[in-house]
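Just below is one structure, and these are the notes that go with it.
What follows draws every value from the coordinates through simple rules; no lab data is involved. Everything quoted here is computed from the prediction, not taken from an experiment. Every residue, glycine among them, receives a Cβ derived from its backbone with ideal geometry; neighbour counts consider all protein chains shown.
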Amino acid sequence: MKKHKKRFWILAGLILLIIICLGIFIGLRKNQPTKAALSKATATVFFHGWGSSRHAEEQMANYLVSHKYASSIVVADVDYQGHVKYSGTLPAKTKHFIVEVNLQNNKSVSPNGGMTYSQSSNYVADVLASLKKKWQIKNVNLVAHSMGNLQVIYFIKNHAGSSKYPKINKLVDIAGHYNGIIGMDEPKDTSLEANGKPKMMNDTYRDLLSVRNTFPKNIQVMNIYGNYKNQGDGSVNNNSSKSLRYLVQKRAKSYEEREIKGYGAQHSRLHENKEVDQLLLKFLK
């Protein structure tokens, strides 16, 4: 009799444990967004600069979440081969979320050799393709700093109009060096003509000229640059950043420039700048 009672309580305990586990599993499933639900969400994707990481994106991303623009942040870790691994969770009713891209190959373009900007832009393609495949994301906003801007503009040059990737709605360029970097590849004359065309162009800029005829007409662009000293951010001349205008303004849905001044306008401090955070929030909303 005692053995039967013991077996009964063991069996009852097992059944109760199974019921509890089932309840937890169902609850977790309910809180996970479906692909169909996420297909209506917009991902705002951050791309960092040379030698950097997702940590350069954290202040801006956290600001957007704390001000209720986005509900959550996920990290997209990209290895040297372009394989994308995500970490983080998304609420079931996600409308806007942040993707902090972390490139393991964060020095892919180097003066000493390596990838071209065009080749390096494949990392942007890998992330955007994975968003569409994993969650059926159809719409994205892109925010880039420094080298990330060149990767993004080359992605647009190489893949504009492709249905393989989500549609880009808004593009924020921070400290872009489209016509060269101070002391490296900028032309001798960095001045711009009245329409924004550089009087002298480096090889990269000349290679990007075709974007003038292919840039998607639906994209709204905000170009942020820092006037820290001598009409530059310490690494990039303002006219190099402003040369983006000539490449995209003819076709972009809208184009605007924002100049940041003072200590926080230095190249690497722009992504830690509260004024930039505020501009970003206002533009993306």
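One chain, two ends: Gln119 and Leu11. Fully extended at 0.36 nm per residue, the span grows by 32.8 nm beyond their Cα-Cα distance.
Checked against a 28 Å cut-off, the cross-linked pairs Lys68/Lys197; Lys85/Lys217; Lys93/Lys167 give Cα-Cα distances beyond that limit for Lys68/Lys197; Lys85/Lys217.
Inter-label distance, Lys134 to Glu272: 2.8 nm, where each label sits 7 Å from its Cα along the C-beta direction. The modelled label-to-label distance for the pair Ser254/Arg206, using points 7 Å beyond Cα in the direction of Cβ, is 3.6 nm.
If you plug the beta carbon distance of Lys167 and Asn195 into 1/(1 + (r/R0)^6) with R0 = 25 Å, you get a FRET efficiency near 0.35.
Percent of C-alpha pairs per 10 Å bin in the chain, short distances first: 6, 27, 32, 16, 6, 4, 3, 2, 1, 0. Straight-line cross-link partners of Lys188 among the aspartates and glutamates, defined as a Cα under 15 Å from its Cα and at least 8 positions apart when in the same chain: Asp203. Compared with the alpha-carbon gap, the fully stretched path from Gln59 to Asn227 is longer by 58.4 nm at 0.36 nm per residue. In the Gaussian network model of the chain, springs joining C-alpha atoms below 10 Å, which of Val172, Val140, Val109 carries the largest mean-square fluctuation? Result for the chain, Cα springs under 10 Å: Val109 fluctuates most. Let me see the pair-distance distribution of segment 54-177: every alpha carbon pair, 10 Å bin width, integer percents in order. Answer for segment 54-177: a P(r) of 12, 46, 35, 7, 0 percent.
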